[in-house]
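A quick write-up on the structure given underneath.
Any read-out appearing in this document is the output of simple, stated calculations on the displayed coordinates, not a laboratory observation. Predicted model, so just to flag it, every value in this text is computed and none were measured. Neighbour counts are summed over all protein chains in view; Cβ atoms, including those assigned to glycine, are modelled from backbone coordinates with ideal geometry.
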DNA sequence: AAATCTAATCGTAATAATACGATTAACAAA
DNA sequence: TTTGTTAATCGTATTATTACGATTAGATTT
């Protein structure tokens, strides 16, 4: 146990969960906001803006890259991070579609 | 450490992270889809639909209730769960707004 | 070559999350 | 009162996540 069961769920459900993970930590929300608003871009600037150690920021950036929602372009000795637009758009579509669906039919005793 | 730092982030950033957590696990995505599409409602039916033990489903329902995105109305001996519409709408607005913002200005060397 | 700068990675510690069997609580039905 | 039904909670094991100091890797500069 302790390990999330992914096999019994659909690919779509697992992808939604992964996209949501990108936003499921305040530091990653802050990073994505900074990048989306182009307030920062270079890793060092992100570290300056965030109340976390460099190693921790790097770890969050790695997770965001794994999900695919950001890119990291090396420009030695710096790395320039930015939103990966296709995946950002995927997230927009995914959450937009998901949250648009809401049957208004009452169930049971009208809860 | 291992404890998420919440204090240095804004209330909004922490709320976004919490709302995202609702969708950050495939089982919770499945639960929310079932409820939004009114395919199930009673806890027992949710357990039947999901490939998880009753205790695990109950734990996920508890987390979703903590976030506020679902309600659980007791109808002994059953409990009828449903989407909490105001919070569902809050999520729609939140993610809609967040993902709408994307500056297209290039940074650095055009990443 | 030596010094410097940036960011990734390593090692590690602590807490959170996931999962499930077993038990309990609350209530209805017999 | 006893029995049965439903869902929450407890206890526990396992893995994931978060965080940071220290080190390393890669590249430039002196």
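A compact table of results
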| quantity | calculated |
| --- | --- |
| Using alpha-carbon coordinates, inclination of helix B:26-36 to the longest axis of chain B, degrees | 70 |
| Average beta carbon contacts from partner chains per residue of B:33-39, 10 Å cutoff | 4 |
| Degrees between helix B:54-67 axis and first principal axis of chain B (Cα, 0 to 90, nearest 10) | 50 |
| Label distances, nm, residue B:12 versus same residue in remaining copies, Cβ-directed 7 Å point | 3.2 |
| Label point 7 Å beyond Cα along the C-beta direction, distances from residue B:68 to other copies (nm, shortest first) | 3.3 |
| Chain B: angle of helix B:11-22 to the longest principal axis, Cα-based, in degrees nearest 10 | 50 |
| Gain on full stretching of the segment that runs from residue B:93 to residue B:39 - 0.36 nm per residue minus C-alpha separation | 17.0 nm |
| When chain A is reduced to its Cα atoms, the Kirkwood hydrodynamic radius in Å | 15.9 |
| Number of partner chain Cβ atoms within 10 Å, mean per residue of A:2-9 | 4 |
| For residue B:44, label point 7 Å along C-beta direction: distances to other copies, nm | 6.4 |
| For A:75-86, mean number of other protein chain Cβ atoms within 10 Å | 2 |
| Whole-number D in µm²/s for the protein assembly as shown (Stokes-Einstein; Kirkwood sum over Cα pairs; 4 °C, 1.567 mPa s) | 70 |
| Length-normalised contact order for chain A - Cα pairs under 8 Å, 6+ apart - percent | 22 |
| Whole-number percent relative contact order across the range A:8-72, with pairs defined as alpha carbons under 8 Å at least 6 apart | 30 |
